[in-house]
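Q: Sharing a structure below in structure tokens format, with a few things to ask.
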Amino acid sequence: MKMLEFKLLAAGYCTAKESIAKVSGAKKNIRFYATYALIKHPEIGYILFDTGYSQEFFKATNKFPLSLYAKATKVYLQKHETAKETLIQLGVPHDQIKYIIISHFHGDHIGGLKDFPNAKYICSKSAWEEVKGSKGFGALFKGFLPSQIPSDFESRLQFIENSSLGKMDPDLGKINDLFGDGSVWTCPLEGHAKGQFGILFKTKTQNVFLIADAAWLKDNYENLDLPNSMVRLFFHSWKNFKESLMRIHLYHKSNPDTLIIPCHCEKTYLEIRQKQKDENI
Ligand SMILES: [Zn+2]
């Protein structure tokens, strides 16, 4: 495996009751950070895994019925907190992003797609086919905000299904070699949204597994403390969600040193942010 560099960042957050995210949770509001990862590949250059929110979210939700999305999840985002602005502050201009890997098409993951003009997009074919052409209530029920998609999206798009090189992981099942060089492996994580996947890669110090929304909190996959079952209304398949979560649970038991990152877990995000600050990453 090639060694990559990686930094976990967040572009805004929304709040919801902890008891929604896990059955044992309190009825207090917690933050769901919209995290994304900046990854540096030694040959390819900079890659993003998701983008978090951007100001596009507010534009995309200013009319009925998509306004219901913004009502259901109150979003907090300062102008300087978008992926584009944060990367500029880090010395990574937006035109240097070569790929954006899209775990799934929920509005809190794809807010920044329009901000990176030189990026190619990578997603699963089934995820794109599920949302492509959706609008109005159809889009709302899929958590999809069509205006966040750039007009030239399809001409810049490639599907993970096209990378045929794969291997079997004893807990996760088949994982695929995204760039054909063993640096980034895609892992299907169905259930939360159609065609969702995560990625595995290695840095100098550890193995990393970005699992998107296959779990919301660490407790979901560590202790199989599931989200409140009312969320199944918004999930593509509750059965597949539980199956994906079980695979992550088993993988975690077999690989306790791998850093598993659920996209919205506040605890995980704050711990990693602190560690990255300490190590000056
Ligand atoms: Zn999602």
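Q: If the elastic network links every pair of Cα atoms under 10 Å, which of Ser54, Ser124, Ser164 fluctuates the most in the Gaussian network model of the chain?
A: Highest fluctuation among the options: Ser164.
Q: Along the range 44-57, what does the Karplus equation 6.51 cos²θ - 1.76 cosθ + 1.60 (θ = phi - 60°) give for ³J(HN,Hα), rounded to whole Hz, x for Gly and Pro?
A: Taking θ as phi minus 60°, the curve returns 6, x, 8, 10, 10, 10, 6, 9, x, 7, 9, 4, 3, 4 Hz for the range 44-57.
Q: Excluding residues fewer than 8 places away in the same chain, name every one of the lysines whose C-alpha is closer than 24 Å to that of Lys204.
A: The reachable lysines, counting only those whose Cα sits under 24 Å from Lys204, are Lys2, Lys7, Lys40, Lys98, Lys167, Lys218, Lys253, Lys267, Lys275, Lys277.
Q: Still on this model: Under 5 Å between amide H atoms, partner at least 5 residues away or on a different chain: which partners does Leu172 have, H built in plane at 1.01 Å?
A: Here the answer is none, since no amide H 5 or more places off falls under 5 Å of that of Leu172.
Q: Let me know the charge dipole size of the range 99-144 about its Cα centre in debye, to the nearest 20, where only the beta-carbon of Lys, Arg (+1) and Asp, Glu (-1) is charged.
A: Details: 6 positive and 4 negative charges, 28 e Å.
That gives the range 99-144 a dipole magnitude of about 140 debye.
Q: Can you list the HN-Hα couplings for the range 272-281, worked out from phi with the Karplus curve (6.51, -1.76, 1.60; θ = phi - 60°), rounded to whole Hz and with x for Gly and Pro?
A: 5, 4, 4, 4, 5, 5, 4, 8, 6, 8
Q: First measure r as the distance between the Cβ atoms of Lys71 and Leu250, then evaluate 1/(1 + (r/R0)^6) with R0 = 41 Å and state the FRET efficiency to the nearest 0.05.
A: Numbers: r = 38 Å, r/R0 = 0.92.
The pair Lys71/Leu250 has a calculated efficiency of 0.60.
Q: Could you calculate the contour length gain from Asn162 to Lys59, that is, 0.36 nm times the residue separation minus the distance between their Cα atoms, to one decimal place in nm?
A: Details: separation 103, 0.36 × 103 = 37.08 nm, distance 3.35 nm.
Taking Asn162 through Lys59 to full extension adds about 33.7 nm, to one decimal.
Q: While we're looking at this one, here's another question. With only Lys, Arg, Asp and Glu charged, each at its Cβ (+1 for the first two, -1 for the last two), find how big the charge dipole of the chain is about the Cα centre; round to the nearest 20 debye. Display every interim value, and only then the final one.
A: On the way: 37 positive and 30 negative charges, 143 e Å.
Computed charge dipole of the chain: roughly 680 debye.
Q: Check each of the trypsin sites (Lys or Arg not before Pro) in the range 195-281 and keep only those in coil by DSSP with at most 11 other C-beta atoms within 10 angstrom; list them in order. Each step should come with its number before you reach the end.
A: Values: sites: Lys202, Lys204, Lys218, Arg232, Lys239, Lys242, Arg247, Lys253, Lys267, Arg273, Lys275, Lys277; in loops: Lys204.
When the trypsin sites (Lys or Arg not before Pro) of the range 195-281 are filtered for loop state and at most 11 Cβ neighbours within 10 Å, Lys204 remain.
Q: List the aspartates and glutamates whose Cα sits under 12 Å from the Cα of Lys63, skipping any in the same chain fewer than 8 residues away.
A: Leaving aside aspartates and glutamates fewer than 8 places away in the same chain, none come within reach of Lys63.
Q: What is the set of long-range amide H partners of Tyr36 at a cut-off below 5 Å, with H atoms built 1.01 Å from backbone N?
A: Excluding prolines and chain starts, which carry no amide H, the hits are Leu9, Ala10, Ala11.
Q: Which one, Asn220, Phe49, Leu140, projects farthest toward the positive side of the charge dipole computed for the chain from Cβ point charges (K/R +1, D/E -1)?
A: After comparing all options, I get Leu140.
Q: Next question. Over the chain, what portion of Cα pair distances is larger than 27 Å, expressed as a whole percent?
A: Values: 13074 of 39340 pairs.
Every Cα pair in the chain considered, those over 27 Å come to 33 percent.
Q: Name the long-range amide H neighbours of Ile211: under 5 Å, sequence gap of 5 or more, or other chain; modelled H, no Pro or chain starts.
A: Under 5 Å from the amide H of Ile211 lie the amide H atoms of Ile261, Cys263, each far enough along the sequence or on another chain.
Q: Enumerate the calculated ³J(HN,Hα) couplings along the range 65-78 in order (Karplus 6.51 cos²θ - 1.76 cosθ + 1.60, θ = phi - 60°), each rounded to whole Hz, writing x wherever the residue is Gly or Pro.
A: Working through the residues one at a time gives x, 5, 4, 5, 4, 5, 5, 5, 10, 6, 9, 10, 8, 7 Hz.
Q: Mind grabbing the base-10 log of I(q)/I(0) for the range 147-228 at q = 0.13, 0.22, 0.24 Å⁻¹? Debye formula, identical points on the C-alpha positions, no solvent, two decimal places.
A: -0.53, -1.17, -1.24
Q: Projected onto the charge dipole of the range 5-278 (+1 at Lys/Arg Cβ, -1 at Asp/Glu Cβ, origin at the Cα centre), which of Thr258, Phe179, Ala11 gives the Cα projection farthest towards the positive end?
A: Ala11
Q: Restricting attention to the range 1-50, which GluC sites (Glu not before Pro) occupy a DSSP loop and are surrounded by at most 15 other Cβ atoms within 10 Å?
A: On the way: sites: Glu5, Glu18, Glu43; in loops: Glu43.
Passing sites in the range 1-50 are Glu43.
Q: Which whole-number percent gives the relative contact order of the chain, counting Cα pairs below 8 Å spaced six or more residues apart? Walk me through the intermediate numbers first.
A: Working: 612 pairs, mean separation 54.1, N = 281.
Relative contact order comes out at 19 percent.
FYI, it's all coordinate maths here, none of it is from the lab. Please read these numbers as outputs of a predicted model, since none were measured by experiment. Glycine also receives a Cβ, built like all others from the backbone with ideal geometry; neighbour counts cover every protein chain displayed.
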